[in-house]
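Student: Attaching a single structure in structure tokens format; questions to follow.
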Amino acid sequence: MSKDFTNFIYEVQMKIVKGDGGGIAFRIDPTSDYPSGYYSFAINQDGSYSVQDANGSLVLAQGSSLAAIHRGLNQTNLVAAVVHGNIIELYVNHQRVAVVGSSSTYTHGWIGVIVTGSSGSNQTEVIFQNAKVWRL
């Protein structure tokens, strides 16, 4: 099975154990030793979320969803992305929190997980499990 995805649904359960947040990364450039090109969807323990490119220079959406995101440490959240062409739909716990149009910069690639945190000594630890992907 190829690890290079173009149009797909990707979901994973995550639990923030320590620190700020985590999420999923997709359309990761498979040709780079240090992936510098991809999109990410991250949620934080305070109920906020963001969708952006790898270096944060292009923020596609950000906000908070207190209804969808289970806040605080040791709370399990199911994060998902439905990616089809230039449209990306983002879900938390089966509730859509954002729909964005992406640029044509990243059209395919690998999938993965990420952790987020503020700079300094604030370390982040996130447990990821039950990752699933479907090709569209």
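Student: Note the full-extension length gain between residue 15 and residue 71 as 0.36 nm times their separation in residues minus their Cα-Cα distance, in nm to one decimal. Could you put the intermediate results ahead of the total?
Tutor: Numbers: separation 56, 0.36 × 56 = 20.16 nm, distance 1.02 nm.
That pair, residue 15 and residue 71, stretches by 19.1 nm at full extension.
Student: Further question: Convert each backbone phi in the stretch 51-57 into a coupling constant with the Karplus relation 6.51 cos²θ - 1.76 cosθ + 1.60 (shift: θ = phi - 60°), then list the ³J(HN,Hα) values in order as whole Hz, x for Gly and Pro.
Tutor: In residue order, the calculated couplings are 10, 7, 7, 4, 9, x, 6 Hz.
Student: Something else now. Please sort 108-115, 128-135 by packing, taking for each peptide the average over its residues of neighbouring beta carbons within 10 angstrom, highest first.
Tutor: Numbers: 108-115: 18.0, 128-135: 12.1.
Sorting 108-115, 128-135 by mean packing, highest first, produces 108-115, 128-135.
Student: Distances over 18 Å make up what percent of all Cα-Cα pairs in the chain? Please list the in-between numbers first.
Tutor: Working: 4607 of 9180 pairs.
Of all Cα-Cα distances in the chain, 50 percent exceed 18 Å.
Student: Same structure, new question: So, R0 is 25 Å and r is the distance between the beta-carbons of residue 89 and residue 57; what FRET efficiency does that work out to, to 0.05? Present the calculation step by step, with values, prior to reporting the outcome.
Tutor: Details: r = 22 Å, r/R0 = 0.89.
With a Förster radius of 25 Å, E is 0.65.
Computed from the coordinates by the stated procedures, all read-outs in this text should not be read as laboratory data. This structure is a prediction, so every number in the text was calculated from the model and none was measured. Cβ atoms come from the backbone with ideal geometry, glycine included; neighbour counts cover every protein chain shown.
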